[in-house]
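The structure under discussion is supplied below as C-alpha cells; questions concerning it will follow.
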C-alpha cells in the first residue's frame, strides 16, 4: 500500500501555518511560512524534506477569501514536487468546520486548523482540486469584474434616484413627453447644470435649444421635453437652500460615478469580446446571447472536458 503524507495548510494574509500528518494521524512536522514567493520556496523545500520517506503527497487548504489561491496555483505548477504525484484539495470551509465539531477538545487556532485540514484529507471523501485552465481563469476575472461593475451601477442609480426625488419630485416617474432614459446623456446634462429653481427661470426657447444640443439633435420634440421639465420644476417641493444644495451636489456626484462606471463597463466589454474570440464555442448561436454573456457562461462552466458526461 502506498504511503501518503497528508499536509494541511491554514492560510491567512500574512502567513501559512502548515501541518504534515501520517495516515494513522501522527503529526510528522509543523512549520509556518510567509504568504509570498519566498515563503512558497521555503514551503517547497520543507515539503520535499518531509515527503522523502513517502510515496505520495496530499495537500489541502480551506477556500478562505483569496489568500490560498496564489499559493495553490503556484504549488500545483511546481515540478520539484512532481515525484510525489501530489493531489491538491481546496476544501469548503463548512466541510472543515463540521468535521471539526467531532473534536470536543479542539482549540480554534491556526495550528489546530492546519491539523484539522490534514485530518480531513486523511479521512477522505473530499474531491480533489484541479488547477484552473489559465485561459478560463483570466476570462473569469474579467467577467466577474464586469458583473461587479454592473451591480455598482445599479446601486449608484438607486442612490441617485433618492436624491433625484427629493430635489425634482416626479422627474423619474412622469408620463409626459420626456427623456427616454433618466440616466441618459441629455438628462444627466440637464440635472448637472440646473436646479428646479434655475430651470424654471430659464426661457423655454433657450432650454429647448440646449436640450436639442446635448441630445445631438436626436431627441424628438425638444420643445415638449423643455415644457415637461419646467412643469416638473414648478411642481417640485422647495427644500431649505442648504439641504437643496447638498442633495443637488450629492446627485451630481452620483451621476459622475455612474458615468465613470459605465465607461469601465464599456472597456471591459471590449476586452472580454476580444478575449472570447480565442475560444471555440457555440453559445453565441443562441438568440440573445452575445459575446459578453457568452463569455460569462463559458468562464463559469470552464473546459467541458472536466465533465464526465453530457
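Just so you know, all these numbers are worked out from the coordinates, no wet-lab data involved. Please read these numbers as outputs of a predicted model, since none were measured by experiment. Heads up, the Cβs are rebuilt from the backbone with ideal geometry, glycines too, and the neighbour counts pull from every protein chain shown.
Among 171, 103, what is the fewest-to-most ranking by other Cβ atoms within 10 Å?
The most exposed by this proxy come first: 103, 171.
Over region 199-310, what portion of Cα pair distances is larger than 19 Å, expressed as a whole percent?
When every Cα pair of region 199-310 is considered, 70 percent fall beyond 19 Å.
Taking the chain as the reference, fit the longest principal axis to its C-alpha atoms, fit the long axis of helix 204-214 to the helix C-alpha atoms, and give the angle between the two in degrees, 0 to 90, nearest 10.
Helix 204-214 and the main axis of the chain meet at about 30 degrees.
Oh, and also: Label residue 87 and residue 218 with points 7 Å out from Cα along Cα→Cβ: what is the distance between them in nm?
5.9 nm
Next question. When each pair of different Cα atoms in region 252-295 is counted once in the 1/r mean, what is the Kirkwood radius in angstroms, to one decimal?
Evaluated on region 252-295, it is 11.8 Å.
Ok, one more. If you scale each eigenvalue of the Cα gyration tensor by 5 and take the root, what three semi-axes come out for region 2-58, rounded to whole angstrom and sorted largest first?
21, 12, 8
Hey, another quick one. Only bridges whose two residues both fall in the chain count here: according to DSSP, what percent of them are antiparallel, nearest 5? List each step's numbers first, then the result.
On the way: 13 of 24 bridges.
Roughly 55 percent of the beta bridges in the chain run antiparallel, per DSSP.
Please report the relative contact order for region 171-236, taking Cα pairs under 8 Å with a sequence separation of at least 6, and give it as a percent rounded to a whole number. Mind showing how you got there, number by number?
Working: 52 pairs, mean separation 28.8, N = 66.
Worked out over region 171-236, it gives 44 percent.
In degrees from 0 to 90, rounded to the nearest 10, what is the angle of the helix 134-168 Cα long axis to the longest principal axis of the chain?
Compared with the principal axis, the helix lies near 40 degrees.
In region 4-131, what % of DSSP beta bridges are antiparallel (nearest 5)?
55 percent
Per the helix-only calculation at 222 nm, which mean residue ellipticity applies to the chain, given -39500 (n - 2.57) for every DSSP H run of n ≥ 4 and division by its residues, nearest 500 deg cm²/dmol? Could the numbers behind the result be given before it?
On the way: 11 runs with 166 residues, N = 310.
Using -39500 (n - 2.57) per qualifying helix, the result is -17500 deg cm²/dmol.
Can you tell me the length gained on complete extension of the stretch residue 73 to residue 240, counting 0.36 nm per residue apart and subtracting the Cα distance?
Value of the extension gain: 54.3 nm.
Jot down the radius of gyration and Dmax of region 171-236, Cα atoms only, both in angstrom.
In Å, with Rg to one decimal and Dmax whole: 10.4, 28.
Follow-up question, since we're still on this one. Nearest 10 degrees is fine. How inclined is helix 110-123 to the longest principal axis of the chain, computing both from alpha carbons?
The angle comes out at about 70 degrees.
While we're here: Which length gain, in nm to one decimal place, applies between residue 305 and residue 102 when the Cα-Cα distance is subtracted from 0.36 nm times their residue separation? Spell out each step's value before the answer.
Numbers: separation 203, 0.36 × 203 = 73.08 nm, distance 3.71 nm.
Stretched fully, the residue 305-residue 102 segment lengthens by 69.4 nm.
I'm a student and want to see the number: the projected area of the Cα convex hull of the chain, averaged over all directions, in nm².
Details: hull surface 97.5 nm².
One quarter of the hull surface, i.e. the mean projection, equals 24.4 nm².
Continuing with the same structure: List the pair-distance distribution P(r) of region 142-279, using every Cα-Cα distance, as the percent of pairs falling in each 5 Å bin from 0 up to the bin containing the longest distance, rounded to whole percents.
Calculated over all Cα pairs of region 142-279, the distribution is 2, 10, 18, 19, 17, 13, 9, 6, 4, 2, 1, 0 percent.
Evaluate E = 1/(1 + (r/R0)^6) for residue 159 and residue 286, where r is the Cβ-Cβ distance and R0 equals 35 Å; express this FRET efficiency to the nearest 0.05.
The calculated FRET efficiency here is 0.50.
Relative to the compact-globule scaling 2.2 N^0.38 Å, provide the ratio for the alpha-carbon radius of gyration of region 4-131. Please report the intermediate quantities before stating the final value.
Values: Rg = 13.2 Å, N = 128, 2.2 N^0.38 = 13.9 Å.
Relative to the 2.2 N^0.38 Å estimate, region 4-131 comes out at 0.95.
Could you tell me the relative contact order of region 4-131? Use alpha-carbon pairs under 8 Å, at least six residues apart, and round to a whole percent.
Reported as a whole number, the value is 33 percent.
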